[in-house]
Amino acid sequence: MRLNAVEIEKKIHFERFLFCIIGGALYALGVNMFIVPFNLYSGGIVGIAQLIRTLLSDYIHLDFGSKDVAGIIFYAINLPILVYAFPRLEKLFFLKTIVAVTSLTLAMSFIPTVMVVKDCLASTIVGAFISGAGIGLVLRNSGSTGGMDVIGMLISKAHGNISVGRVNLTVNLALYSVCLFLFDVQTVVYSVIFAVVHAFAIDRFHSQNINVEVKIITKIDPSVIEKEVFAEMGRGVTELPSVGAYTQESEHILYILISKYEVHQLRSIVRRHDKSAFVIINEGVWVEGNYLKKF
């Protein structure tokens with residue numbers, strides 16, 4: 001039995017939310033079973049949460065039992081960030097981020113911190129690949145694990161000359177500087193190795209900030225599509241009048257530049273108004289000038 005357009009869209013959304021859950025859990029698995037047993041620190045908000053946990057348990061002597069509370073601290077840090085970001089993010093992206101953050105938090109709280117690999121370097125590399133694959137899976141399905149991804153995106157939007165990667169790098173440098181002051185050099189070195197391999201694994205599973213060129217050829221009044229693109233996506237549209245060479249009928253070409261995260265949203269808008277529209281999508285284009293990069 002063939003599915004209609006609405007059912008197909010629901011199926012796609014379900015699969016993407018499911019992979020966001022799996023990705024969050026996979027990240028927690030890599031951290032809890034390969035990084036935490038050696039008292040290493042991952043980057044970003046998770047690393048900050050781990051550092052706060054260590055300070056609370058080792059320096060203030062709070063007893064958390066056998067539970068690793070880094071996941072709960074991670075969620076607590078994310079809440080104000082997500083509340084602030086809510087009106088500034090695309091709604092589906094925000095919902096997937098909430099799902100991924102919740103999955104990561106629950107997984108970090110319940111997955112045991114047992115030593116699987118006894119060699120520290122091997123454990124660091126394996127854990128970095130597993131956790132990086134989890135983040136890549138979330139990103140590939142148009143979500144994020146919150147934290148520095150969202151902060152970096154908001155800063156990048158406010159200051160176009162500052163990239164998400166630069167924000168992450170700055171925070172990680174500050175985090176590892178604190179670790180160097182509190183702990184030994186070996187902890188910092190292995191943590192940095194984790195961060196580098198982790199970033200490589202993410203890139204292998206997902207390429208970030210891919211610019212996408214979209215051309216839409218339609219015979220209907222394009223103003224309805226343009227208004228929704230403006231309102232829902234905050235993107236500009238270049239409209240070109242055209243004529244079909246064979247039919248000699250008047251047509252409209254809409255030219256839009258977006259990120260690959262927004263392709264599904266744009267396709268939904270177009271199909272909502274013109275199921276016969278001809279859509280051409282070209283990934284990986286080079287863009288210069290006044291173009292808003294989105295995470």
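The values are calculated or read from the model by the stated rules, or taken from the named source; none is laboratory data. Computed from a prediction, not measured in an experiment: that's the story for all the values here. Don't worry about glycine lacking a Cβ; one is built from the backbone with ideal geometry, like all the others, and counts go over all protein chains shown.
One residue stands out among those in region 232-273 that are surrounded by 15 or more Cβ atoms within 10 Å (Cβ to Cβ) and of a type in the set (S, T, N, Q): the one that is farthest from N211 (Cα to Cα), which is S268.
So that you can scan it fast, the table gives a plain yes or no per residue for (1) under 16 Å from T105 (Cβ atoms); (2) more than 19 Å from the chain's Cα centre (by Cα); (3) at pLDDT below 85:
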residue	(1), (2), (3)
A5	no, yes, yes
I8	no, yes, yes
E15	no, no, no
A25	yes, no, no
L51	no, yes, no
L55	no, yes, no
H61	no, yes, yes
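Tallying residues that are part of a helix (DSSP H, G or I), touching a residue at least 12 places away in the same chain (Cβ under 8 Å) and of a type outside the set (K, R) within region 110-147 yields 19.
When region 166-200 is limited to residues that are among the aromatic types (F, W, Y) and in a helix (DSSP H, G or I), the one that is nearest to G134 (Cα to Cα) turns out to be F200.
What residue, among those in region 158-192 that are among the polar types (S, T, N, Q) and either within 21 Å of G146 (Cα to Cα) or in contact with a Cys (Cβ under 7 Å, 6 or more places away or on another chain) (or both), is modelled with the lowest pLDDT? Please lay out each step first, then the result.
We begin by selecting, within region 158-192, every residue among the polar types (S, T, N, Q); these are 161, 163, 168, 170, 172, 177, 186-187, 191.
From what's left, either within 21 Å of G146 (Cα to Cα) or in contact with a Cys (Cβ under 7 Å, 6 or more places away or on another chain) (or both): 163, 168, 170, 172, 187, 191.
Numbers: S163: 57, N168: 69, T170: 77, N172: 78, T187: 85, S191: 86.
The residue in question is S163.
Kindly indicate whether I258 is closer than 21 Å to H13 by Cβ, free of Cβ contacts under 8 Å to residues at least 60 places away in the same chain and among the β-branched types (V, I, T).
Working: closer than 21 Å to H13 by Cβ: yes; free of Cβ contacts under 8 Å to residues at least 60 places away in the same chain: yes; among the β-branched types (V, I, T): yes.
Yes; evaluated as a whole, the condition is true for this residue.
Filtering region 79-100 for residues that are of a type in the set (D, E, K, R), surrounded by 16 or more Cβ atoms within 10 Å (Cβ to Cβ) and closer than 19 Å to G134 by Cβ leaves a non-empty set.
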